[in-house]
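Inspection log for the structure reproduced underneath, given as structure tokens.
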Amino acid sequence: MKCKVIYESDQDNIINEYIVFCKVFNEQIKEHGMTKQAVTETIRVCKDRNILKQYLSSKEVEVVTIMMSLFDDEQIMRTYAKDIKRETLMEKAILMLKKGKINIDEVSEYFPELLESDIKEIEAEVMQLA
């Protein structure tokens, strides 16, 4: 199997410009976080450096919209993963409570990631099962 590695070069072509655009974008995310400001600054910096300038000048609104939707999708996935982790921890805490391995006062010690509201929810569920 052969694979080509694409990397930044001195050549003036669309692929190289896109690679530079991505590098600028990553720098802006580090500076501004995943925000619209990071996107608009990336576009400004690239236009100033003559990177994808013609495309960015004519399609700036579309580029911002697409990139912001990528942020939204990524945020949705992070939130989903966080929710799954929280639910898993809550299920483990409930199981340990049911088996008598811990008491309700020890949940925060064994599961420090859980919020006080999560622990109250766990307590209510365990009380219903008792």
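Every number here is computed from the coordinates shown, using simple stated rules; none is lab data. Keep in mind the model is a prediction, meaning the values are calculated, not measured. Cβ coordinates were reconstructed from backbone atoms using ideal geometry, including for glycine residues, and neighbour counts include every protein chain displayed.
Figures for the structure shown
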| read-out | value |
| --- | --- |
| Sorted by Cβ density within 10 Å, fewest first, the residues Thr42, Thr35 | Thr35, Thr42 |
| Nearest-20 debye value, the chain charge dipole, Cβ charges on Lys, Arg, Asp, Glu | 480 |
| The chain - mean residue ellipticity at 222 nm from DSSP helices (-39,500 (n - 2.57) per run, n ≥ 4, rounded to 500) | -25500 deg cm²/dmol |
| Order of Cys46, Cys22 under a 10 Å beta carbon neighbour criterion, fewest first | Cys22, Cys46 |
| Derived scalar couplings ³J(HN,Hα) [the stretch 50-62; Karplus, 6.51 cos²θ - 1.76 cosθ + 1.60; whole Hz; x for Gly, Pro] | 6, 9, 6, 4, 4, 5, 5, 5, 8, 10, 4, 4, 5 |
| Among Ser117, Ser108, Ser57, residue whose mean-square fluctuation peaks in a GNM of the chain (springs only between Cα atoms under 10 Å) | Ser117 |
| The stretch 47-84 versus the stretch 19-37: alpha-carbon centroid distance in Å | 10 |
| Selection from Gly100, Phe71, Leu52 lying farthest towards where the dipole of the stretch 24-104 points positive, charges on Cβ | Gly100 |
| Lysine pairs within the stretch 55-130, Cα separation less than 29 Å, 8 or more sequence positions apart or different chains | 14 |
| Gain on full stretching of the segment that runs from Leu129 to Arg78 - 0.36 nm per residue minus C-alpha separation | 15.2 nm |
| Whole-number percent relative contact order across the chain, with pairs defined as alpha carbons under 8 Å at least 6 apart | 15 |
| Top positive-direction residue, dipole computed over the chain with Cβ charges, set Pro112, Val61, Tyr18 | Tyr18 |
| Highest-MSF residue in the chain out of Phe111, Phe25, Phe71 [GNM, Cα springs under 10 Å] | Phe111 |
| Listed residues Lys82, Lys98, Lys36, most fluctuating in the chain (Gaussian network, C-alpha, under 10 Å) | Lys98 |
| Rg to Rh, two decimals, where the chain supplies the alpha carbon set and Rh follows Kirkwood | 1.28 |
| Calculated on alpha-carbon atoms, Rg and Dmax of the stretch 32-71 in Å | 9.7, 26 |
